[in-house]
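The values are calculated or read from the model by the stated rules, or taken from the named source; none is laboratory data. On a predicted model such as this, the values are computed, not experimentally measured, just so you know. Cβ placement follows ideal geometry from the backbone for every residue including glycine, while neighbour counts extend to all protein chains displayed.
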Amino acid sequence: MKTSLASVFRRSLLATASALLLAGALLPAAHAQNKVLLRVSTPAVPDDWHAKMWTVFKDNLEKSAPGEFDVQINLNASLFKQGTEPAAMARGNLELSSISAFDIAKLVPDFSVFTAGYIVRDPDHQQKVFNGPIGAEMFKTVSEKMDVTPLSTIYLGTRQVNLREARNVRTPADLKGVKLRMPGSKEWLFLGEALGATATPLAFGEVYLGLKTGTIDGQDNPLPSVRAAKFYEVTKQIVLTSHLVDGIFIAISNKAWNAMNAGQKARVQAAAQAASAYNNENRIKEEGQLVEFFKKEGLTVTTPDVEAFRKAVQSTYLNSDYGKSWPKGLLERINATR
């Protein structure tokens, strides 16, 4: 049976149309596959500045490179448990997270200098240290030893002592016998002891009840955390020891970082810097407002002899194994950074 020319033409048109429809359907999927996947894992809760900063990171990348990156933000430690992120990034199972100096010091002993009390003076000093030659050297070592690359430094707040019962605190000797809650690692407990207190490990989620029942006599945290966790409801005093200018670092897995071209790296680095700047500006502003807030809530806010604390704490560290692990001259270089 002969096939008409018109019939052949119709079949050809139908086949061409079907192919075009299929190609159109596959284009979005192919485009999505070509995006650079950046999964973010953080324990931060949605209302915290260092949770909101990840949206700034994502928006910045979308503006500088529309459609090029697929940034997936996972808050509340919903993707990886807090503390496990560095290992996940090293394995290539996670692209981005914020990691602490305490996390880093476990694998890079030189970095323990930034877990010590009274080393970093204030947020401005923190940024100058890590955005200068000291930061470049330290971050290079972190990249080599941990398979993650720090991109920017986030100000978490300046830690203060918060007591269940008010007392006259001028020097570390005045904290003798005080059961001061600290996070459970040996580095944190050492800091608590250096402050003159009896360092007591307790999970963050148990601190409120511990203060209420007297299991602990106090805790240390930046002022925004004291308000967020409502510790002011079960304490009577804040002592402005300012013993640790706390920071974390936006870091990316080396597997993801090394797979990017120079342009992509520059855009990711810029987005990380924008995210940090957003967090830092808002956190510093909030801290400046909180002393008055706590006073209105009925707490006594006092300032001790900070220089006496600084001398005692630094002496304790310098005479310890921690101090002995610091590279020669590093502390002096940090102190000289202006």
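Does at least one position in segment 247-254 carry a residue that is small (Gly, Ala, Ser), loosely packed, with under 14 Cβ neighbours inside 10 Å and either assigned to a helix (DSSP H, G or I) or touching a residue at least 60 places away in the same chain (Cβ under 8 Å) (or both)? I'd like the intermediate steps shown before the answer.
Going through segment 247-254, the residues small (Gly, Ala, Ser) turn out to be 247, 251, 253.
From the residues that got through so far, the ones that are loosely packed, with under 14 Cβ neighbours inside 10 Å too are none.
The answer is no, given that none of the residues of segment 247-254 is small (Gly, Ala, Ser), loosely packed, with under 14 Cβ neighbours inside 10 Å and either assigned to a helix (DSSP H, G or I) or touching a residue at least 60 places away in the same chain (Cβ under 8 Å) (or both).
Please go through segment 139-183 and pick out each residue that is acidic (Asp, Glu) and either in contact with a Pro (Cβ under 6 Å, 6 or more places away or on another chain) or under 27 Å from Ala274 (Cβ atoms) (or both). Correct list: Glu144, Asp147.
Looking at segment 267-338, what helices (runs of 4 or more DSSP H) fall wholly within it and have at least 3 residues that are touching a His at 6+ places or on another chain (Cβ under 9 Å)? Please lay out each step first, then the result.
On the way: elements: 306-318, 321-325, 330-336.
Correct list: 306-318.
Out of the residues in segment 211-238 meeting the condition of being surrounded by fewer than 21 Cβ atoms within 10 Å (Cβ to Cβ) and within 26 Å of the chain's Cα centre (by Cα), tell me which one is farthest from His50 (Cα to Cα).
So in segment 211-238, the residues surrounded by fewer than 21 Cβ atoms within 10 Å (Cβ to Cβ) come out as 212-215, 224-225, 227-230, 232-234, 236-237.
Retained after the next criterion (residues that are within 26 Å of the chain's Cα centre (by Cα)): 224-225, 227-230, 232.
On the way: Pro224: 12, Ser225: 12, Arg227: 16, Ala228: 13, Ala229: 16, Lys230: 19, Tyr232: 22 Å.
My answer is Tyr232.
Please determine whether any residue of segment 112-122 is surrounded by fewer than 20 Cβ atoms within 10 Å (Cβ to Cβ), under 30 Å from Leu240 (Cβ atoms), within 15 Å of the chain's Cα centre (by Cα) and at pLDDT below 95.
No: zero hits.
Quick one: which of Gly177, Gly192 is closer than 20 Å to Lys311 by Cβ, without any contact (Cβ under 8 Å) to a residue 60 or more places away in the chain and touching an Asp or Glu at 6+ places or on another chain (Cβ under 9 Å)? Break it down stepwise before answering.
Values: Gly177 fails: closer than 20 Å to Lys311 by Cβ.
Result of the check over Gly177, Gly192: Gly192.
Looking at Ser185, is it under 18 Å from the mean Cα position of the chain (by Cα), more than 28 Å from Gln237 (Cα to Cα) and among the hydroxyl-bearing types (Ser, Thr, Tyr)? For Ser185, the condition - under 18 Å from the mean Cα position of the chain (by Cα), more than 28 Å from Gln237 (Cα to Cα) and among the hydroxyl-bearing types (Ser, Thr, Tyr) - is not met. Pairing residues of segment 99-115 that are on the phi < 0 side of the Ramachandran plot with residues that are surrounded by 19 or more Cβ atoms within 10 Å (Cβ to Cβ) and among the hydroxyl-bearing types (Ser, Thr, Tyr), at Cβ distances under 6 Å and at least 6 apart in sequence or on separate chains, gives Ala101/Thr115; Phe102/Thr115; Ala105/Ser112; Ala105/Thr115; Ser112/Tyr322. When Val40, Val56 are checked against the criterion of being of a type in the set (A, V, I, L, M), modelled with pLDDT of 95 or more, under 23 Å from Gln126 (Cα atoms) and touching a helix residue (DSSP H, G or I) at 6+ places or on another chain (Cβ under 7 Å), Val56 stands alone in meeting it.
Inspection of segment 80-91 finds no residue satisfying the criterion of being surrounded by fewer than 16 Cβ atoms within 10 Å (Cβ to Cβ), over 25 Å from Val245 (Cα atoms) and among the small types (Gly, Ala, Ser). Among the residues of segment 159-213, those that are under 21 Å from Ser320 (Cα atoms) and of a type in the set (Val, Ile, Thr) comprise Thr171, Thr198, Thr200. Residues in segment 139-156 that are of a type in the set (S, T, N, Q) and in contact (Cβ under 8 Å) with a residue 60 or more places away in the chain: Ser143, Thr149, Ser152, Thr153. One residue stands out in segment 179-225 among those that are modelled with pLDDT of 95 or more and part of a loop (DSSP other than H, G, I, E, B): the one that is farthest from Ala116 (Cα to Cα), namely Gly214.
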